[in-house]
Amino acid sequence: MKNSIHLIALLSLSFFFSACLKDKCEREVTYLKATPVYYNLEEIRNSIELEASKTLKVPGKIYYYNNYLFINEQKEGVHIFDNNDPQNPVNLGFLKIPGNVDIAVRQGILYADSYIDLVAIDIRDISNPVVLHRVEATFPQYGITQEGLLIDYIYEEVTEMRDCDIDGIGIFNEQIDLATAESTGVLNSSGGNGTGGSLARFALYDNYLYTIDYSNLHVFDISQLNQPTEVNEVVVGWDIETIFSYTDKLFIGSTTGMIIMNAANPTAPEYLSSYDHFLGCDPVFVKEPYAYVTLRSGNQFCADNGNQLDLVNITDMSSIYLEKSFGMDNPHGLSIKDNTLFICEGDFGLKAFDIEKPLELDQHQLAHLKNIQSFDIISLPGTNGQILVIGTDGFYQYDVRDIENPVLLSHIPVEK
Amino acid sequence: MILKKFKIYFSLVCLLLVSGLGSAQSSTSEAENSETINKRLYYSAMIGFMPGSQDDDFENSGLRGLNIINFMIGHRFNQYAHLGAGLALDIYDMGLYSFRLDFRGFILKEKNVNPYYSLQTGYGVAFDLNNRWDDRLELKGGPLIHPAIGLMFNTHKAGDILVEAGYLFQKAARNDPDRQRFDDILYQRLNIRLGLIF
């Protein structure tokens, strides 16, 4: 009987001891690991300078001012070219502006984003740019942390074994949009302004510079050109991508629609009207009575819903509506010169349409340059018939006075 | 719920154990010699439970652990070396049929209570305990090893009672493509078993 008691005691003890027992389970998980990249904010703020000329690597937006051509190198700065001779643009140097995506120029003052800051740079002496003023921490899409300014993530696919009871397995496809380059800027060209493309996130009107982040419209007073001051911030919506200034209206493109803001009171633009479309990236160009809106698919931001050109009737800007859509290949930026509509079709080249009868434009394709890549375009004012085109393979400049036979004036290739 | 089932199971095992020991005690006075230990061929059948936990989120079944049956047949070379083979069925959050080799030996000779050592090793084949209509779960077994020590209680009848405590290491794997998971599992369980040897 004593043995029995001992044995039962042993078994009971082992049963309760068994609560400490635990299987080993390792789980193979594959995920997208996002490693944050931090920059020292002070170093960033002290590093704006003109460097020796460089070749294009990852070109972003283009901008034109007083025969100078500015080509953004994504998040690094701006290549500056003297374009007095369009057949032979001269590379003057590289203006290093860390985190730069957009620029706008008025009367020799260049306004640029530099991660979270807006910087005013005097470029009247192009060989000696001078930083005049900095509006600090005005763009919120970058995080300031103890480690520094969080400017990006490096993504890598990782497969590893982890304990099964750990639920969290790193950062999955974390997307913090850090202003990837998809804008250039069609600017109101009055008053010594430069000209940008339709993918802009900067726009000039009256004495104000308007910039957009992913949900807000920032209003900067630039009546004192050398000292921009943020005077207002207006909530517009989500996933804002582009801004186009037309008379006293601001046409704002988002991934889900186009919004018209009334800037009759320039310091406090107000919502006027909008139209919704399927999820897609949508730069805007305006020529009354239509707003031309391209919608494209093809990446994680633009979804994959289709590629088309929408004609939105804006005769009554307080009550706009979609009038007609046209199928496209992969439309990006666009521009209009007189009655010619240019549409950048990404890897499918550049197309030109006669829009004398806008609702029949698909029947009047004038040209299709298939052998270039293009994502944004500027058609320069004047009678020279110049268009400036930027694509992933470089910068192109054409004479399109004979639109059916465009003449390539120059090409600045991307370093491969 | 699972814990409650274990308590019931544990109670049954204890009941069997007590009754078996009682039988062994009452028989002690009738004969001193075990009738099984001197036979050349031996058969053993055991059941047991294997408490432990897995703590992952699969099926929420971390406490499940039963050794439903463990049947061995083998040859006695001498008191210290018995070699056999057999089959077992174990239940965790998956089921595992295993083929096992069995080695055991007894410390003493012809005692009413005889300590013994045992080592089983083999390979388990996994099966799913749940019938999922959209089952794409792939289960895979693996090798096992199970050292144990125990006591044999001489009943002086056809079969003697075995009570043992061991530790089971069983490898297995689970591939759940719907959740994009591949789990490499090592069950490591205390194994309390009760059985008979003939």
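Every read-out reported here was derived from the displayed coordinates using simple, explicitly stated rules and does not represent laboratory data. Predicted, not measured: the structure shown is a model, and the values here were computed from it. We place every Cβ from the backbone using ideal geometry, glycine too, and count neighbours over all the protein chains shown.
If you take all other residues with their beta carbon under 13 Å from the beta carbon of A:Ala104, and give Lys and Arg +1 and Asp and Glu -1, the sum is +1. The calculated FRET efficiency for the pair A:Asp122 and A:Gln365, based on their C-beta separation and a Förster distance of 45 Å, comes to about 0.55. Per-residue 3J(HN,Hα) values for the stretch A:239-245, derived from phi via the Karplus relation 6.51 cos²θ - 1.76 cosθ + 1.60 with θ = phi - 60°, read 6, 6, 10, 9, 9, 9, 9 Hz in sequence order (x marks Gly and Pro).
Tell me, what is the percent relative contact order of chain A, built from C-alpha pairs under 8 Å that lie six or more residues apart?
Averaging sequence separation for qualifying contacts and normalising by length gives 11 percent for chain A.
For the stretch A:31-413, the Cβ-based charge dipole about the Cα centre amounts to some 940 debye (Lys, Arg positive; Asp, Glu negative; other atoms uncharged).
Where a ≥ b ≥ c are the square roots of the eigenvalues of the C-alpha gyration tensor, would you call the stretch A:31-413 rounded, which needs a/c under 1.5, or, failing that, prolate if a/b is larger than b/c, or oblate? Cα axes put the stretch A:31-413 in the rounded bin.
Amide H contacts of A:Lys22: B:Ser53, each under 5 Å away and 5 or more positions distant or on a separate chain (H built 1.01 Å from N in the peptide plane; Pro and chain starts excluded). Measuring between alpha carbons in the structure, the pairs from B:Lys111/B:Lys157; B:Lys109/B:Lys157; A:Lys96/A:Lys287; A:Lys61/A:Lys337; A:Lys57/A:Lys249; A:Lys57/A:Lys96 lying more than 24 angstrom apart are A:Lys96/A:Lys287; A:Lys57/A:Lys249. Phi-derived couplings, Karplus 6.51 cos²θ - 1.76 cosθ + 1.60 at θ = phi - 60°, listed residue by residue for the stretch A:78-90: 9, 7, 10, 10, 7, 10, 4, 10, x, 7, 8, x, 9 Hz, with x used for Gly and Pro. Working note: Karplus 6.51/-1.76/1.60 with θ = phi - 60° gives the stretch B:89-105 the couplings 10, 10, 10, 10, 7, 9, x, 9, 7, 10, 9, 9, 9, 10, 10, 8, x Hz, where Gly and Pro are set to x.
Could you tell me which GluC sites (Glu not before Pro) in the stretch A:352-410 are loop residues by DSSP with no more than 16 other beta carbons within 10 angstrom of their beta carbon? Walk me through the numbers before you get to the answer.
Details: sites: A:Glu356, A:Glu360, A:Glu404; in loops: A:Glu356, A:Glu404.
Taking the stretch A:352-410 and a limit of 16 other Cβ atoms within 10 Å, the loop GluC sites (Glu not before Pro) found are A:Glu356, A:Glu404.
On a 0 to 90 degree scale, rounded to 10, what angle separates helix A:2-17 from the longest Cα axis of chain A? The angle comes out at about 10 degrees.
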